[in-house]
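Trainee: If you scroll down you'll find the structure; I have some questions about it.
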Amino acid sequence: LDLQATKGSFIKMYVLYIFGLSGQFSEDMIPTVGFNMRKITKGNVTIKLWDIGGQPRFRSMWERYCRGVSAIVYMVDAADPEKIEASKNELHNLLDKPQLQGIPVNIPGALDEKELIEKMNLSAIQDREICCYSISCKEKDNIDITLQWLIQHSRTRRTTT
């Protein structure tokens with residue numbers, strides 16, 4: 001949803017991690033309007049990261065961008081309890097789409113894992129792998145783990161589909 005710096009910072013941290021660069025968290029990033037795409041290649045792995053706007057007017061497009069992907073990374077804004085409830089509803093609506101059946105989902109957020117599972121009602125999602133990590137782009141916490149998960153699932157989906 002409207003995550004302010006979260007998604008952009010997350011993608012920036014992925015790029016920096018992949019290329020072994022040092023970089024700083026930026027708090028002055030603006031929300032995504034529409035979408036942005038970054039293609040990252042290192043060795044024989046290429047990852048396309050679609051940063052899709054979370055504003056209500058863009059939500060109808062989410063399904064289109066998620067069709068045929070190896071994995072979905074769904075960011076949760078934990079700063080506002082009302083947004084968490086809306087984010088939960090939007091996630092469940094998205095994952096109910098038949099075209100997205102079985103696509104694994106990674107849900108990184110500022111909440112700890114147990115809170116994410118509870119507040120996003122992740123235990124109700126039974127038709128795919130769900131993974132969640134507590135992350136901090138500012139402190140670079142768990143960015144490496146989420147990237148490794150994404151690469152692994154990219155390889156798995158490519159060989160099984």
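The values are calculated or read from the model by the stated rules, or taken from the named source; none is laboratory data. Every value quoted in this text rests on a predicted model; they were computed, and no experiment measured them. FYI the Cβ positions are ideal-geometry reconstructions off the backbone, even for glycines, and counts take in every protein chain you see.
Trainee: Is there any pair linking a residue in the stretch 83-105 that is without any contact (Cβ under 8 Å) to a residue 40 or more places away in the chain to one that is basic (Lys, Arg) and crowded, with 17+ Cβ neighbours inside 10 Å, with Cβ under 9 Å and at least six apart or on different chains, and which?
Mentor: If the second residue must be basic (Lys, Arg) and crowded, with 17+ Cβ neighbours inside 10 Å, the pairs left are ILE84/LYS119; GLU85/LYS119; LYS88/LYS119.
Trainee: What pairs come up if the first residue lies in the stretch 136-161 and is more than 20 Å from VAL76 (Cα to Cα) and at pLDDT below 75, the second is surrounded by 13 or more Cβ atoms within 10 Å (Cβ to Cβ) and not hydrophobic (A, V, I, L, M, F, W, C), and their beta carbons are under 7 Å apart, counting only those six or more places apart or on different chains?
Mentor: Qualifying pairs under 7 Å: SER154/SER70; ARG157/SER70; ARG158/SER70.
Trainee: Determine whether the stretch 58-65 contains at least one residue that is exposed (fewer than 11 other Cβ atoms within 10 Å of the Cβ) and closer than 23 Å to ILE145 by Cβ.
Mentor: For the stretch 58-65, residues exposed (fewer than 11 other Cβ atoms within 10 Å of the Cβ) and closer than 23 Å to ILE145 by Cβ: absent.
Trainee: Would you call GLU129 out of contact with any Pro (no Cβ under 6 Å at 6 or more places or on another chain), among the acidic types (Asp, Glu) and either modelled with pLDDT of 95 or more or surrounded by 13 or more Cβ atoms within 10 Å (Cβ to Cβ) (or both)?
Mentor: The answer is no for GLU129.
Trainee: Find the residue count for the stretch 91-116, including only residues that are more than 17 Å from LYS48 (Cα to Cα) and either of a type outside the set (D, E, K, R) or surrounded by 17 or more Cβ atoms within 10 Å (Cβ to Cβ) (or both).
Mentor: Here the count works out to 16.
Trainee: Would it be correct to say that ILE30 is of a type in the set (Val, Ile, Thr) and at pLDDT 70 or above?
Mentor: Considered against the rule, which asks whether it is of a type in the set (Val, Ile, Thr) and at pLDDT 70 or above, ILE30 comes out as no.
Trainee: Output the number of residues of the stretch 42-62 satisfying the condition of being within 27 Å of GLU115 (Cβ to Cβ) and not in a strand (DSSP E or B).
Mentor: Number satisfying all stated conditions: 7.
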